[in-house]
Amino acid sequence: ERKAQGLDAKRYQTSFGWLTAEEIKAKFMEKKPRDPLEWLSAVLYNDAIAIQEVAAVLGLQDSSSSSSAVARETADASAENAEERERIERMLKARDLRRRRRMMSEMDFKRLAEDLGLTEEEARSLVEEKFSEASSEEDEAREMIKRARSILEGY
């Protein structure tokens with residue numbers, strides 16, 4: 001009953017706002033574009049999955065080859081995104097490691113040891129221990145962000 005009223009219908013982000021496939025179909029019939037797939041692509045901001053779903057509702061996809069091409073493009077794009085995310089994460093880890101090394105090299109361990117009443121080696125190991133604690137907290141935060149992204153990408 002709710003579906004018949006359109007309350008549970010999936011909405012797509014379009015250049016007209018958030019619309020259901022039926023509302024997009026009404027706009028399509030109103031505009032009657034010369035190149036329907038190009039119009040649909042522009043309206044749906046090149047979202048391959050949305051284009052495929054709405055094109056099916058509009059009856060524009062008559063062959064499975066075009067839907068498999070869209071699916072292939074979507075898979076390629078998601079693989080590229082995953083590779084890019086991994087590359088960025090590696091770059092950020094390397095940057096963080098360089099930052100830690102630079103901080104360690106700039107520290108005056110003799111002065112720190114005098115201030116704390118420790119040997120220079122004890123001061124160095126204390127600082128390294130504090131850095132590793134901060135690093136593990138950062139790693140936990142990154143892991144939580146990764147999990148949140150994967151959950152959001154699943155929707």
Sequence of 19, 37 once ranked by neighbouring C-beta atoms within 10 Å, starting from the fewest: 37, 19
List the lysines whose Cα lies under 20 Å from the Cα of residue 93, skipping any in the same chain that are fewer than 8 positions away. 130, 146
Residue 13 versus residue 153: modelled label distance in nm, points set 7 Å from Cα along the beta carbon direction: 1.6 nm
Simple spin-label estimate for residue 60/residue 128, 7 Å along Cα→Cβ, in nm, reads 6.2 nm
Using only alpha carbon pairs under 8 Å that are at least six residues apart, calculate the relative contact order of segment 2-62 and give it in whole percent. 30 percent
Aspartates and glutamates near residue 110 by alpha-carbon distance under 16 Å, same-chain residues fewer than 8 away left out - which ones? 120, 121, 122, 128
Can you give the FRET efficiency to the nearest 0.05 for residue 90 and residue 145, using r as the Cβ-Cβ distance and R₀ = 22 Å? 0.90
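Rule-based calculations on the coordinates, nothing more; no lab input. Keep in mind it's a predicted model, so treat the numbers as computed, not measured. Methodologically, a virtual Cβ is constructed for each residue, glycine included, from the backbone with ideal geometry; neighbour enumeration extends over all protein chains shown.
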